[in-house]
Amino acid sequence: MIAFSQFWKKVLTVTAGTLGAQLLLLATLPLLTRSLSQADVGSYLFAISVAAVTVVLASARLDMAIFLEDNQKDVFRILGTIFITSLTVSILVGFSIFFIGNFPFSKNLDSLKGSSTAIAATTFSLSIFTGIQAVLSYQSRFSTLSFLKFFQALIISLLLILAAMIFSTAKSLILAHAIGMLASVALGVLLLRKFSSGSLRLPRAAEMREVFRKHRRFPIFSMPADLINVLSSQLPVFLLGAKFGTAAVAFYALTTRVMVAPISLLAGSILPVFKEQASSEYRENGSCLTAYLKMLKTLTLISIIPASLAFYLLEPTFSLLFGAEWMEAGTLAKTMLPLYCLKFIASPLSYTLYVGNWQSYDLIWQSVLLFFTAMIFSFAENLHAAVLYYTIAYSFLYIIYLGMSYRCAKGKK
């Protein structure tokens, strides 16, 4: 009972900041959809999708390795390595977008080339911010983590609102987002310095080589798997932009952004605590089934009532919040509801694949997902058909994913 109470205390602590963050970001979206054209909103969300893909390369997924370390010195050595890899990859991303001109699948999205520096900065800061969050979770500083998440959402929301009111262009939104992310990283570094006792520094070349040698499974297996996963989630945006233009991008991207918000709120609040407990239990017992089953029951119970209500409320809610011209996004959200329910349950539990070193199986699963996504959105005759087929295929794969994570939690390899 004590352990269970501690679990929920930690969850609620992180939830407080995450709830405020999600509410701020969601409250900003209606202003953007009513102040800018669908083309500008689509271009901004497209740019954020590009950053979401490239950030996986930037971090090399070493942030996940932080939870496997036994001392803080090694933790900060990993964080320093993430800084170097993030800076390198982000510079390459910026140059690639600028010199290549049009990013792949970026038909009619001219703002990308002019925003290459801002997209690179977003990639860099998002990667570092992910590493900082991992360190704070490792240190069990959940109050600090909660505050940092809220600050990030607040500064980004304020800058987006100012950009929409003053400039009303996609480029201004992309730049505002980048500045907000950099400000969040700056605060995160200051907070870590307060707790690090001089451990926060850039690693030497030999130390970086040791980090990659010791945790090679993460860049070799986890990074490709997560890159494929993120690419699978963002590939519809890229393909829709190429086939149907920015309006389709805007509808689909707005749908996924709103649907992911409650998942990010709850799963993002619970996941840091689950990471801590699952990693600890696995190190001690060679399995983490107790933590896994507790989390499975919790996530299932939490999802039932909201999903039932959402089925009836999504379409009118989208129309009310974003304007009647965005009703189509609400229809897409209703179609994708089963998928996001399964995603809410399965995604946090998939962390057991990392602690159990099942990264190779995860890579296979992600590859299958990418194949189905590419086929569906390449050959579907229209937006609604593509979303329906995508929901069916992805939901089936998530059921398989749950079975994989359960077997891994039992400690069987």
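Looking at the chain, do any whole DSSP H helices span at least 27 angstrom along their long axis by alpha carbon and average -1.0 or above on Kyte-Doolittle, and which? Helices meeting the span and hydropathy rule in the chain are 2-35, 38-59, 72-100, 116-138, 142-166, 170-196, 223-244, 246-285, 289-322, 327-349, 359-379, 383-409. Result for the chain in a Gaussian network model with C-alpha springs under 10 Å: among Phe344, Phe311, Phe76, the largest mean-square fluctuation is at Phe311. If I model the range 213-361 as equal point scatterers sitting on the Cα atoms and use the Debye formula, what is log10 I(q)/I(0) at q = 0.09, 0.10, 0.12, 0.18 Å⁻¹? The computed values of log10 I(q)/I(0) come out as -0.37, -0.45, -0.63, -1.11. Accessible surface ranking for His384, His177, 1.4 angstrom probe, highest first: His384, His177.
Could you work out the Rg to Rh ratio of the range 154-211, with Rh taken as the Kirkwood radius (inverse of the mean 1/r over all Cα pairs)?
Details: Rg = 17.0 Å, Rh = 13.7 Å.
Rounded to two decimals, Rg/Rh equals 1.24.
On full extension, the segment bounded by Lys297 and Met375 gains 24.7 nm, given 0.36 nm per residue less the C-alpha separation.
Think of the chain as a dipole: +1 on every Lys or Arg Cβ, -1 on every Asp or Glu Cβ, centred on the Cα centre; then among Leu79, Thr256, Leu187, Leu79 lies furthest on the positive end. Only helical runs count toward this figure. For the chain, summing -39,500 (n - 2.57) over DSSP H runs of n ≥ 4 and dividing by all residues gives -29500 deg cm²/dmol at 222 nm.
Kirkwood-type hydrodynamic radius, the chain: 21.7 Å, calculated from all non-identical alpha-carbon pairs.
For the range 139-224, what is the charge dipole size about the Cα centre, in debye to the nearest 20, if Lys and Arg each add +1 at the Cβ and Asp and Glu each add -1 at the Cβ?
Using Cβ point charges on Lys, Arg, Asp and Glu, the range 139-224 gives about 440 debye.
Were the residues from Thr290 through Ile304 laid out at 0.36 nm apart, the gain over their Cα-Cα distance would be 2.8 nm. In this view, the solvent-accessible surface of Met375, computed with a 1.4 Å probe and all protein chains in place, comes to about 80 Å². Charging the Cβ of each Asp and Glu at -1 and of each Lys and Arg at +1, and nothing else, the dipole of the chain about its Cα centre rounds to 1040 debye. Scaling against 2.2 N^0.38 Å puts the C-alpha radius of gyration of the range 306-413 at 1.27. When the Cα positions of Tyr292, Leu349, Leu339 are compared along the charge dipole of the range 292-408, Tyr292 comes out farthest toward the positive end, with charges on each C-beta of Lys, Arg, Asp and Glu. Within the chain, what whole-number % of the accessible surface is contributed by carbon and sulfur, with the 1.4 Å probe and all protein chains included in the calculation? With neighbouring chains kept in place, the figure for the chain is 69 percent.
The values are calculated or read from the model by the stated rules, or taken from the named source; none is laboratory data. Keep in mind that what you see is a predicted model, and the values were worked out from it rather than measured. Virtual Cβ from ideal backbone geometry, glycine too; neighbours counted across all protein chains shown. All accessible areas refer to the heavy atoms of the entire protein, side chains included, with ligands and DNA or RNA removed. Shrake-Rupley method; radii C 1.70, N 1.55, O 1.52, S 1.80 Å.
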